[in-house]
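The structure appears below as structure tokens.
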Amino acid sequence: MPARKKPTSGKAKAGKAKATKAKASKTKAGKTKAYAGKTYVPPGKCSGWKAVFNGSILTVTGKCIFPKHGFKVTLKEAVPQGINPAILLLKKTVKPPTGIVIPTPQAVSVSFTKKTTFKYSKVTILPDGVTINVQVVLKRK
């Protein structure tokens, strides 16, 4: 007949659950953490977005960090656009690498250019939901 397992105290289980929840909340916050001497970078973390309207050309740029080489990032106009015509909606698409890749982090530059006479006030990057103001460059005569 198999031996009966001793019941564990509820305190030990509760302590373990709290530690797990604390670890998960740190990860959800999106902060960089160190693991065994290496810095953890969330895959596809994009930042440094800028939108500049120069004459009749709108340029949106940014950088994305990936855990390995080979990722490709593109920005395209979202279809349909939103209800506010002054805000340009762009859809960010990430293509993962194929084949053998170098397992070191890589920063990928992202850019979008549109020739237009309409002056957008803001640009929103989807699905991230990041909204940035458009800087207007004035030409002197």
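What residue, among those in segment 76-116 that are of a type in the set (Ser, Thr, Tyr) and either in contact with an Asp or Glu (Cβ under 8 Å, 6 or more places away or on another chain) or farther than 20 Å from Gln135 by Cβ (or both), is surrounded by the most Cβ atoms within 10 Å (Cβ to Cβ)?
Result: Thr93.
Ser47 fails exactly one of the following numbered conditions: (1) out of contact with any strand residue (DSSP E or B) (no Cβ under 6 Å at 6 or more places or on another chain); (2) not in a strand (DSSP E or B). What is the number of that condition?
(2)
Being over 21 Å from Asn54 (Cβ atoms), touching a Phe, Trp or Tyr at 6+ places or on another chain (Cβ under 8 Å) and modelled with pLDDT of 90 or more is the requirement here; does Val73 meet it?
Judged against the criteria, Val73 is not a match.
Tell me yes or no: at least one residue of segment 33-43 is of a type in the set (S, T, N, Q) and modelled with pLDDT of 85 or more.
No, every residue in segment 33-43 fails to be of a type in the set (S, T, N, Q) and modelled with pLDDT of 85 or more.
Would you confirm whether or not segment 119-127 contains a residue that is surrounded by 14 or more Cβ atoms within 10 Å (Cβ to Cβ) and part of a loop (DSSP other than H, G, I, E, B)?
So far as segment 119-127 goes, yes, one or more of its residues are surrounded by 14 or more Cβ atoms within 10 Å (Cβ to Cβ) and part of a loop (DSSP other than H, G, I, E, B).
The values are calculated or read from the model by the stated rules, or taken from the named source; none is laboratory data. Everything numeric in this text was worked out from a predicted model, so none of it was measured. Note that we place each Cβ from the backbone using ideal geometry, even for glycine, and neighbour counts take in every protein chain shown.
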